[in-house]
Amino acid sequence: MTFRQFAYRNVFRNFRNYAAFFMASFFCVFVFFLYSMLMFHPEMEHGFIGDVSIVGMVIAEIILVLFSWFFIFYSVKAFLEARSKEFAILLHLGMERRQLGKLVFLETMIIGLLSSMSGILFGFAFSKFFFMIIREILGLENLPLYVSWEPFLLTFSVFMGAFIIIAIGSVAYTPATNLNSLLRGRSVDVSPRYSRRRAILGVILIFVGYILALITTKTTLFTFTLLIPIFVAFGTFYFFTDSVFLLLDLLKRQKSFYWYKARMLSVAEQIYTMRQNAKMFFVVTMVSMLALLCVVLLAALSSYTAQYDKLNPLGIVYKGHVDNPYEAEHVLSIITELEEQGFSYHITRFEVIKQTSLATSNEVEVFKETDINRMLFSYGLPLVKMYPGEGMFIPYSDESIKKLKNVTVDTVLMENDLPITIDRVYPEIIFPTSIISRNSIIISDEDFDRLVNPLAVEGETPAYHLFAFDIPHWIQAKDIGLGIQQIVSHEYVTNPVYSLPFYFENTGLNYSYVLATYSLFTIVGILVVVVFLLAAGSFIYFKLYANLERERQQFIVLKRMGLTDLEQKRLITRHLAPQFFLPWGVALLHSTFAFIALQSVLKDIVNLIIVKEIIVAFCLFAIVQFVYFYMIRWRYIAHLRD
């Protein structure tokens, strides 16, 4: 029997021992191939998922590759740790260390070749079903299956290159200690060392990250987005390497708890497990948090996309200063483009006057009753009837409608000494949030004509003109006013302070960007979340598998001492539960504060509430983790009794 035959038979005759590594590699190849099939789809050139940028998909592909490589490398490392006794026996029988490295290289390449080929074949077999799922999610008419050499070649090249690099690294990682150490396995550190200073620092860093998340607003978003991950990442690392041991040390001092029944055994075992796997728990926590963030961001984007037409009832909005020199030219060009392309539309011109409210000392944007009714008529909504001295709130979100429904405000518009009683709110959203102020009201024509004195605030425009275009099919009107939109976009990009005398917004164009972003997030998010969730559980499983022989010997001793099967299951549950739910619990806690910050920003910018999506995501995540835990617990018990 040649050396290559020995490596081949070693893999296939003991395939059960190689199954975990094979399945991890297989799934990475499987997911990557599906994504490659979508990226190289012929319809991509025709924009079959809106305006999704191919650059965005390539970046997502690179992220997926890097994480897959890391996942596979970690799998190989854990697999080699679990085979220390096997390596010791081979070295004891006369195998040279050079030959042992060659054996590891050949075995890694055999498993890599098998997982790559099987992942590609199963991926292609699943491609039609995957395209059907993507078609339904994105609402496409058709997404046919195709055959091309590009996804096959890309996937095979990427992963075989990865396996070659990992195989070479595996040779370098092959244990070089003496035989006795390999046979005994890793030594147990019965008194794990930790730094009290780092333990406290870890908790402080996490706490500071949480505080920053709670006070995050749209103005501090970019600054805190850079700081919060740094604080939380370092804090989480110190938490698992030091803070946990400080807590366990304090727990050990509580003799009434620590000495009760079998708790001493469980706590002592957890101390050893945490010491050996602290870095792994940190990785699992961060990966789980990323998976949960992807799920909730995807749900939030889906919710915003579904509500977009309600939050943005107008097709096109043009807003400018009273003395805007471009007003006539721009409005005429918009009307001309709409008529040339055959769109039906209704245009309403508003003159909006700003005043100061005596009740709050805040600026108030005042709309005229007749102008509002012209637009409401085009919407097909009930008209308003205002009497002198009356006012009505203009809502900016569904939440504001509920909030202002039973509010009565008696105020005076200070510049013109006009008393107003505001005791109603219009029951529908009639303006996009980005166009009008949150302090906007409707008054009667008679009161509006009395507003002759301008706003007495220096540096503020006292009034503005607003042209609202109600377009029934605004999704198809995304190309209207592109020239004006480019001027506005260029101003936002090049100047820190917006200085143009006009503002333009095309709802259809904005929706195409939102839909493209949602499409990209959907495609990437589904695959990335699945990979992350599998990786988080697999990291723990590989560590359990590496220590399986040691755990088996421990339970054999306990069995001889009279441990029953029921007591054994309870000990195993106590042993496994912290390893699963401590990192995932920390990830959930981190994610909760991240979502509080996200909710605050979304509420300010687009008036979007995602509390329901967060709760649903948390519940689904918890269900998946419980199912995963009991599946691995079942396999772990089966391995111990084998």
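The values are calculated or read from the model by the stated rules, or taken from the named source; none is laboratory data. Because the structure is a prediction, the values reported are computed rather than measured. When we count neighbours, we look across all protein chains shown, and the Cβ atoms used for this are built from the backbone with ideal geometry, even at glycine.
Residue-by-condition table, conditions (1) loosely packed, with under 12 Cβ neighbours inside 10 Å; (2) at pLDDT below 75; (3) of a type in the set (F, W, Y):
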| site | (1), (2), (3) |
| --- | --- |
| L138 | no, yes, no |
| E150 | yes, no, no |
| F156 | no, no, yes |
| A162 | no, no, no |
| P175 | no, yes, no |
| G185 | no, yes, no |
| R193 | yes, yes, no |
| R197 | yes, no, no |
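Does L214 meet the test of being modelled with pLDDT of 60 or more and either over 23 Å from the mean Cα position of the chain (by Cα) or under 30 Å from A597 (Cα atoms) (or both)? Yes. For the stretch 474-522, a residue qualifies if it is surrounded by fewer than 16 Cβ atoms within 10 Å (Cβ to Cβ) and of a type in the set (F, W, Y), and the qualifying residues are Y492, Y498, Y513. Is it the case, given these coordinates, that V171 is assigned to a helix (DSSP H, G or I), closer than 17 Å to V11 by Cβ, modelled with pLDDT of 75 or more and more than 28 Å from the chain's Cα centre (by Cα)? When the stated conditions are applied, V171 does not pass them. Has the stretch 589-609 got at least one residue that is modelled with pLDDT under 80, assigned to a helix (DSSP H, G or I) and either exposed (fewer than 14 other Cβ atoms within 10 Å of the Cβ) or of a type in the set (S, T, Y) (or both)? Yes, some residue in the stretch 589-609 is modelled with pLDDT under 80, assigned to a helix (DSSP H, G or I) and either exposed (fewer than 14 other Cβ atoms within 10 Å of the Cβ) or of a type in the set (S, T, Y) (or both). Scanning the stretch 314-342 for residues that are acidic (D, E) and either surrounded by 20 or more Cβ atoms within 10 Å (Cβ to Cβ) or in contact (Cβ under 8 Å) with a residue 12 or more places away in the chain (or both) gives D323, E327, E337.
Among the residues of the stretch 88-105, are any without any contact (Cβ under 8 Å) to a residue 60 or more places away in the chain, in the same structural domain as F27 (by TED's automatic domain parsing) and farther than 17 Å from T2 by Cα?
Residues of the stretch 88-105 that are without any contact (Cβ under 8 Å) to a residue 60 or more places away in the chain, as a first pass: 89-90, 93-96, 98.
Right, trim to in the same structural domain as F27 (by TED's automatic domain parsing) and you get 89-90, 93-96, 98.
Then drop every residue that is not farther than 17 Å from T2 by Cα, which leaves 89.
Scanning the stretch 88-105 turns up at least one residue that is without any contact (Cβ under 8 Å) to a residue 60 or more places away in the chain, in the same structural domain as F27 (by TED's automatic domain parsing) and farther than 17 Å from T2 by Cα.
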